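Only one structure is covered here, and it is reproduced in the block below.
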Amino acid sequence: MRIVGLTGGIASGKSTVSNMFKANGIPVVDADVVARDALRKGTGGWKKVVDTFGEEILQDDGEVNRKKLGLIVFSDLDKRQVLNRLLAPYISSGIFQEIFKLWLKGHKVIVLDVPLLFEAKMDKWTKPIIVVWVDPETQLLRLIERDKTSEIDARNRIDAQMPLDLKRSKASIVIDNSGPYGDLNEQFCNGLSQVTRPLTWTEFALSRNGALVALLSISVAVLISKNASS
């Protein structure tokens, strides 16, 4: 199995690229979706977060008000680190379960969509790594327009993440989303051709089919050994 890492920055267009993979039949494990599930009312993650940040972060229905929680942690590094530590075990477990489900279905290539791919040290499990990059000015303007937020709040959210230029330096594939959609689509197609190239022997060995071949080989070896000794 090939696990492709996909990351970027807020308002960089990473979600657009993620949806393009889905449209081309490549399954995507979305860490944001897993994180939302880890924060649903009544879960272990929900209880820890409410105990730490107080019931004032809750909506009337008891679910966490993610926007209110975001305003708290994006402006305070210590609180952001506390939140990450609280949810990390639940998010990691959820991601592993989703990957395992896809492995059981026999998928050879999956995309792991993680905003904090490098920060969470998950990049060591993914290859290649795709970074969706955008120039700082465009990123800021898109975020303000998308979320109808102030420039100060937008800058706080951008500054809370690893700089996109640093992420770009760690990437195997860079998709520049600063221009029009046509440019993005062309770059995506180039990246897709690299992602869907034939599996290496190591990747095949880690796939479900590889495991079945190994199991069959062992079984045949055992049978031959038994026949030879009888």
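The values are calculated or read from the model by the stated rules, or taken from the named source; none is laboratory data. Values in this document were obtained by computation on a predicted structure and should not be read as measured data. Please note: Cβ atoms are built from the backbone with ideal geometry, for glycine as well, and neighbour counts cover all protein chains shown. Only protein heavy atoms, including side chains, enter the accessible area calculation; ligands, DNA and RNA are left aside. Shrake-Rupley method; radii C 1.70, N 1.55, O 1.52, S 1.80 Å.
Which percent of Cα-Cα pairs in the chain sits in each 5 Å bin, short to long?
1, 6, 12, 15, 16, 15, 12, 8, 5, 3, 2, 2, 1, 1, 0, 0, 0
On the accessible surface of the chain, probed at 1.4 Å, how many percent belong to carbon and sulfur atoms?
57
Please list the equivalent ellipsoid semi-axes of segment 1-138, computed as the square roots of five times the alpha-carbon gyration tensor eigenvalues, in descending order and whole angstrom.
27, 19, 13
Number of Lys pairs in segment 77-202 with C-alpha atoms less than 19 angstrom apart, excluding same-chain neighbours closer than eight positions?
Qualifying lysine pairs in segment 77-202: 8.
Segment 11-37 to segment 134-186: how many Å between their Cα centroids?
16
Hey, what number do you get for the chain at 222 nm if only DSSP H runs of n ≥ 4 count, each worth -39500 (n - 2.57), divided across all residues, to the nearest 500?
-18000 deg cm²/dmol
Angle, helix 181-195 long axis vs. longest principal axis of the chain, Cα atoms, 0 to 90°, nearest 10?
So the helix axis and the longest Cα principal axis differ by about 30 degrees.
May I ask for the longest run of the chain untouched by trypsin sites (Lys or Arg not before Pro) that are loop-located per DSSP and have at most 16 neighbouring C-beta atoms (other than their own) within 10 Å?
Values: sites that count: Arg40, Lys41, Lys105, Lys121, Lys148, Lys170.
Formally, the longest exposed-site-free interval is 42-104.
Using the Cα gyration tensor of segment 109-210, with a ≥ b ≥ c the square roots of its eigenvalues, what is the shape: rounded (a/c below 1.5), prolate (a/b larger than b/c) or oblate (neither)? Intermediate values should be presented prior to the final figure.
Working: a/c = 2.88, a/b = 1.81, b/c = 1.59.
Verdict is prolate for segment 109-210.
Return the percentage of antiparallel bridges among DSSP beta bridges fully within the chain, rounded to the nearest 5 %.
5
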